[in-house]
């Protein structure tokens, strides 16, 4: 009996030990939990404005993740959303506990709907489409609710597939002349082209569905990014491959087109065109363009619907000298094919450049400086944007210019130190910007008590002028030193980010899970010398000019969950003694702009953009061709604005490029662009008024 009791006790002990080991195994976190914990710890420790892990944060993550899951409301039904809403206030609890019920359910529901839609699209695409009826498709998901039934979802997909087939039909019917697609002259319906277009759409949709079904890991990464982005739009989770692509993009070690891309719904959006890159020099591709297809030379284009940005980057990159063709949708709705030859960045085009603008009537000279970014060589080199601009200002002074235009349009920022030093070229001394982290405030001052240039100064900005551009423009505006001209407001990015390698935050116990990726997080905020932040509101132009970008969703205020505008204590500074009379300058400019033919065309373009944003997409062949023809005609007019006919543009002798034929040709093209730029022309007129 005693022996039997001992055997039972030993057996119980073995069971207890096994059970304990099993429990420990269950409690050991997986890779997703390790990344999630490292992410949250970093955000809570280092983010400028850490958020509590509560229901409010849970709601933010919920909204952001579902936007990434079904951005165009083409898969999930309203009933699916109701099921998911039970987790709207529970994601914070799941993050704490390491559970994944929300992710699991969302994946199950999405895969179920993808299977439903696959059957629906196969059925729809068996029958030819007619493009004669006055049918429309609402392409803006913000203007649609989630469908309430499969029948309603089927009708949405029928219209979507009809639109895709129509656009492919027009592409097939469009002849190519001089390397550019022309709209078809023959408008008679061609059934064989419709069949080819439908077959292409069917293949594209199959690839898109296959990508979505094989996208589980990508969806997990998007969830982690939603957690990060819920703190602010510039805080992001970078999976290892995405971080590698970011590093390549920053170092420029692979040939490509020179565009910063990000996922935007089902397509890829151009966020920024890199100065000096093929896309920048060719001028066709712009920020806010949507890339729909990518083709290698004359090969058939690949539809990139629902393709992860990493895979799109692989399609866009290639050997130097080869051609890639991008089918893009412009913000005004125009569909166009942009051919680009892959090259490395032309380094000289990334630097500050200047020119002398001469009024042929009065013989007055004005200086013009274009600054694509606030660059600085931190690897031991001596090149910096502040020193380059200093040299060019000094050269322009030797030309006895009557005023200078500093063009910061499309300048997304860069080295803060250069923005501070550059401000100092135009003021005697004093504070330039305040930088604040969670605990401390620092005032950055002009390091040089001298003034390099004290004459009339105009700073040109637009909606894409951001960060360091806004610091410089704000400082010169606050001192009354320059007149800020251009788009109504700049971008409104008044924050600083840094990268954290998540691998460094976990112990060697989890070495098998590495690499974990990186976190880009916001750690500081910029404030003007007045105490007002440049965050969210940006810099308001002293003299606003009509700007098509102003009607697009460009800027911090259009992003999800941006950090707010606020104020801190201002600093002591002395205003510039010869501040311009802004009221009279603004009145004179408005009178000129009202009667200027170039600005009239821009005003018409703005009105058309507003109208197009309100109207759904027509699915009638004749009407779509008319719309595309009108958009192309308007685009051609905007490319050939009259500019100031009395303005002659010449480069400085030091930038003539006379011994380099390629550089000389690029300089001629650049001078032609300046001469036709109505914003530069009006800036010259403002400088003339400042001289009176």
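Laboratory data are not the source of any read-out in this text; all were calculated from the coordinates shown. In this text the structure is predicted, and so the values were computed from the model without any measurement. Backbone-built Cβ (ideal geometry, glycine too); neighbour counts: all protein chains shown.
What order do you get for 154, 575, 648 when you list them from fewest to most C-beta neighbours inside 10 Å?
The order, fewest Cβ neighbours first, is 575, 648, 154.
In degrees from 0 to 90, rounded to the nearest 10, what is the angle of the helix 150-173 Cα long axis to the longest principal axis of the chain?
40 degrees
Given the C-alpha centroids of segment 170-213 and segment 277-315, what is the distance between them in whole angstrom?
A separation of 17 Å, based on Cα centres.
Evaluate the distance, in nm, between pseudo-label points positioned 7 Å from the Cα of residue 72 and of residue 614 along their respective Cα→Cβ axes.
2.5 nm
State, to one decimal in nm², a quarter of the convex hull surface area for the C-alpha atoms of segment 361-404, i.e. the direction-averaged projected area. Spell out each step's value before the answer.
Values: hull surface 14.5 nm².
With every direction weighted equally, the projected area is 3.6 nm².
Mind ordering 568-574, 470-476, 499-505 by average Cβ neighbours within 10 Å, highest first? Mind showing how you got there, number by number?
On the way: 568-574: 13.4, 470-476: 29.0, 499-505: 16.7.
Going by the mean number of other Cβ atoms within 10 Å, highest first, we get 470-476, 499-505, 568-574.
Could you give the angle, 0 to 90 degrees to the nearest 10, between helix 621-639's Cα long axis and the longest principal axis of the Cα atoms of the chain?
In the chain, helix 621-639 runs at an angle near 40 degrees to the longest axis.
Could you work out the mean projected area of the convex hull around the alpha carbons of segment 164-247, in square nanometres to one decimal?
Details: hull surface 36.6 nm².
That works out to 9.2 nm².
Counting each pair of different Cα atoms once, what's the Kirkwood radius of segment 596-692 in Å, rounded to one decimal?
Details: mean 1/r = 0.0608 Å⁻¹.
This gives a value of 16.4 Å.
Would you mind getting me the FRET efficiency between residue 498 and residue 126? Use the beta-carbon distance for r and R0 = 56 Å, nearest 0.05. Show your work: numbers first, answer last.
Numbers: r = 54 Å, r/R0 = 0.96.
With R0 = 56 Å, the Cβ-Cβ based efficiency is 0.55.
Over the chain, what lengths in whole Å, largest first, do the semi-axes of the equivalent ellipsoid take, defined as the square roots of 5 times the eigenvalues of the alpha-carbon gyration tensor? Intermediate values should be presented prior to the final figure.
Numbers: eigenvalues 454, 264, 100 Å².
They are 48, 36, 22 Å, listed from largest to smallest.
Normalised radius of gyration for segment 47-225, please: alpha carbon Rg relative to 2.2 N^0.38 Å, two decimal places. Walk me through the numbers on the way to the answer.
Working: Rg = 20.3 Å, N = 179, 2.2 N^0.38 = 15.8 Å.
Dividing the Cα radius of gyration by 2.2 N^0.38 Å gives 1.29.
Quick check: Cα centre of segment 98-163 to Cα centre of segment 391-459, how many Å?
53 Å
By how many nm would the segment from residue 52 to residue 569 lengthen if fully extended, with 0.36 nm per residue of separation less the alpha-carbon distance?
183.5 nm
Roughly speaking, what % of Cα-Cα pairs in segment 253-341 are separated by over 15 Å, rounded to a whole number? Don't skip to the answer; put the middle values down first.
Numbers: 2097 of 3916 pairs.
Result: 54 percent of Cα pairs exceed 15 Å.
Ranking 360, 533, 463 by Cβ neighbours within 10 Å, fewest first, what do you get? Let's see the in-between values first.
Values: 360 11, 533 24, 463 27.
Placing the least packed residue first, the sequence is 360, 533, 463.
Going by how many other Cβ atoms sit within 10 Å of their own, how do 435, 273, 593 line up, fewest first? Can you show the working numbers first?
Values: 435 17, 273 26, 593 20.
Ranking 435, 273, 593 by Cβ neighbours within 10 Å, fewest first, gives 435, 593, 273.
Would you mind checking the tilt of helix 468-478 against the longest principal axis of the Cα atoms of the chain, expressed as 0 to 90 degrees and rounded to 10?
That works out to roughly 50 degrees.
Mind giving me the FRET efficiency for residue 362 and residue 587? R0 is 25 Å, r the Cβ-Cβ distance, nearest 0.05 is fine. Spell out each step's value before the answer.
On the way: r = 22 Å, r/R0 = 0.86.
E between residue 362 and residue 587, to the nearest 0.05, is 0.70.
Quick one: if you stick a label point 7 Å off each Cα along the C-beta vector at residue 206 and residue 83, how many nm between them?
It works out to 2.8 nm between the two label points.
Post the alpha-carbon centroid distance, segment 338-387 to segment 460-507, in whole angstrom.
19 Å
Hey, rough spin-label estimate for residue 561 and residue 148, points 7 angstrom out along Cα→Cβ, what's it come to in nanometres?
Once both label points are built, they end up 3.1 nm from each other.
In deg cm²/dmol, rounded to 500, what helix-only [θ] at 222 nm does the chain give when every DSSP H run of at least 4 residues adds -39500 (n - 2.57) and the total is split over its residues? Walk me through the intermediate numbers first.
Values: 20 runs with 294 residues, N = 692.
It lands at -14000 deg cm²/dmol.
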